[in-house]
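**Student:** Questions regarding the structure given below will be posed in turn.
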Amino acid sequence: MRHAYFSHLPAVSSATFSRHGGVSGAPYHSRNVGLHVGDDEARVLRNRALIKEQLGLPRLVSAKQVHGDSVLVVDWMPEADVEHAGHDALMTNIPQVGLMIQQADCQAVMLYDPEHGAVANIHSGWRGSVANIVAKTVAAMTESFGTHPAALHAAISPSLGPCCGEFVNYRTELPAAFYGYQARPNHFDFWAISRDQLRECGVRPEQIEIAGCCTACDHDFFSYRRDKTTGRFASVIGLAIP
């Protein structure tokens, strides 16, 4: 089971995968891609291999995410899958490299530049939203690839929705600019925050897809907020063979 994006753009391969269809046992059942949650490493690597097979991407590049705002430019074809420490956004113009974000409520924001043949994948939890890692990644694509933000296509993955995005300490955690995104007291719409951050960068509204699926509500996805001890599902984007 997966949620695909950019279906009208065949040069890019992108999807969010549910927790189903893998080989891990409980509580990580079954398609856990996180190496850091206590699951058996061989099973995690098999789950990652299954994703590569389904997307037709021979390499995966991922990050040991730290809820920061560092953007890594992947400007080479790795000899094997690789996971880099200290980054929360990845971007590349190398075909057949899948950029993978690991999730259990946080967003993956995927970007595709059809003019210059480049993609990016952003891990954005609430800290990433506060740091506006979305804008920093768009700026990095402009610097590295010549990206025009108006040409970008963007997708916001399944993630914590306004129904379950409760922040009781929001006055100390979130900037005042976010207060207007409350769907009801203490509950925030981070889908709308990311959408507006993209729009403020110059991405056209009609080129922004929002999955609109809350991971805390939908048991087809891992959710840290719901389960605490759990796995990580994957959102992956890559360029197909030109």
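**Student:** Name the lysines eligible as straight-distance cross-link partners of K228: C-alpha to C-alpha under 29 Å, and not fewer than 8 places from it in the same chain.
**Tutor:** Straight-line reach from K228, under 29 Å: K52, K64.
**Student:** For a quick protection proxy, order the peptides 198-208, 176-186, 26-36 by their average other-Cβ count within 10 Å, most packed first.
**Tutor:** Ranking, from highest mean packing down: 26-36, 198-208, 176-186.
**Student:** Could you check what % of the DSSP bridge pairs in the range 2-239 are antiparallel, to the nearest 5?
**Tutor:** In the range 2-239, approximately 65 percent of DSSP beta bridges are antiparallel ones.
**Student:** Would you work out if the range 116-242 is rounded, prolate or oblate? Take a ≥ b ≥ c from the square roots of the eigenvalues of the alpha-carbon gyration tensor; rounded if a/c is under 1.5, else prolate when a/b is larger than b/c, oblate otherwise.
**Tutor:** Judged from the Cα gyration tensor, the range 116-242 comes out oblate (a/c at least 1.5, b/c at or above a/b).
**Student:** Under a point-charge model restricted to the Cβ atoms of Lys and Arg (+1) and Asp and Glu (-1), what is the dipole moment magnitude of the chain relative to its Cα centre, in debye to the nearest 20?
**Tutor:** Rounded to the nearest 20 debye, it is 460 debye.
**Student:** I need the per residue convex hull volume for the chain, using only the alpha carbons, in cubic angstrom as a whole number.
**Tutor:** About 112 Å³ per residue, rounded to a whole number.
Every number here is computed from the coordinates shown, using simple stated rules; none is lab data. All values derive from a computational prediction rather than experimental measurement. Heads up, the Cβs are rebuilt from the backbone with ideal geometry, glycines too, and the neighbour counts pull from every protein chain shown.
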